[in-house]
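S.K.: Pasting in a structure now, in structure tokens, and then I'll have a few things to ask.
The values are calculated or read from the model by the stated rules, or taken from the named source; none is laboratory data. Here the structure is a predicted model, which is why all the values come from computation and not from measurement. Cβ sites come from the backbone with ideal geometry, for glycine too, and all protein chains shown count toward neighbours.
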Amino acid sequence: MKQWMGVPVASALLLSACVTINVYFPAAEAKQAAKEFVEKVINDADKVQIKEAPSGGGGGMVMQTPRARFDVARLDPWVLLGIGSAQAQSAPDISIKTPAIQAIQSRMESRFSSSLRAGFDSGALGFTSDGLVSLRDPSKVELKDRVALNTAVADDNRDRKAVYREVAVANGHPEWEEQIRGVFAKQWISSARAGWWYQSGGAWKQK
């Protein structure tokens, strides 16, 4: 009798130890989302890769919500008896189609076309290594235009910080903000056009 009293406790501990939840940062999905966002902002839609909806589904982009996947192949025979190992993997895609994110994207696209593009083309502006924009060379800007450009840069950087935070929150993982920012920072540089400047290793370089 004494030996059997410990069995339920031992079984409960075994079950709790064998069930694991593995939530990982979906780097590939984040990179694709960043590319779509960045290319839209700098007006190069022909380079954006979009998942089309299946035929008959009304067209448009397919945005998938976070989902849980259960790998049956990982089950061992004891699972049929309620004892064994199970692994639930949370594999979220990165959605950028919330109203808040799209509103920021729209502002940034408009600002880039009206104010920032000329600064990048002239060499006055550059992308920083932390996903922001910097007035790299004020001498490239006429004195009368510097205040307006500085204001545009400040507004854009505020929107950039907001979108990195919003993407993480919108996808249910606020703790991913720094990783999202890092992915976007690399994408701004990757999408930079020939002649534009960017930071690398603490120094300014030109594409």
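S.K.: Determine whether residue 195 is surrounded by fewer than 20 Cβ atoms within 10 Å (Cβ to Cβ) and assigned to a loop (DSSP other than H, G, I, E, B).
M.R.: In short, yes.
S.K.: Are there any pairs with C-beta distances below 8 angstrom linking a residue in segment 16-43 that is over 17 Å from residue 132 (Cα atoms) to a residue that is modelled with pLDDT of 85 or more and hydroxyl-bearing (Ser, Thr, Tyr), with the two at least 6 apart or on different chains, and if so which?
M.R.: Pairs that qualify, where the first residue is over 17 Å from residue 132 (Cα atoms) and the partner is modelled with pLDDT of 85 or more and hydroxyl-bearing (Ser, Thr, Tyr), are 33/95; 43/113.
S.K.: Condition test on residue 134, is it assigned to a loop (DSSP other than H, G, I, E, B), touching a Ser or Thr at 6+ places or on another chain (Cβ under 8 Å) and at pLDDT 95 or above?
M.R.: no
S.K.: A further question on this structure: Could you please tell me which pairs satisfy a Cβ distance under 8 Å, a separation of 6+ or placement on different chains, a first residue in segment 135-161 that is under 18 Å from residue 121 (Cα atoms), and a second residue that is β-branched (Val, Ile, Thr)?
M.R.: 135/141; 135/153; 149/141; 153/133; 156/133
S.K.: Still on this structure, I have one more. Go through segment 149-192 and count every residue that is outside any helix (DSSP H, G or I), over 17 Å from residue 135 (Cα atoms) and either touching a strand residue (DSSP E or B) at 6+ places or on another chain (Cβ under 7 Å) or of a type in the set (S, T, N, Q) (or both).
M.R.: 1
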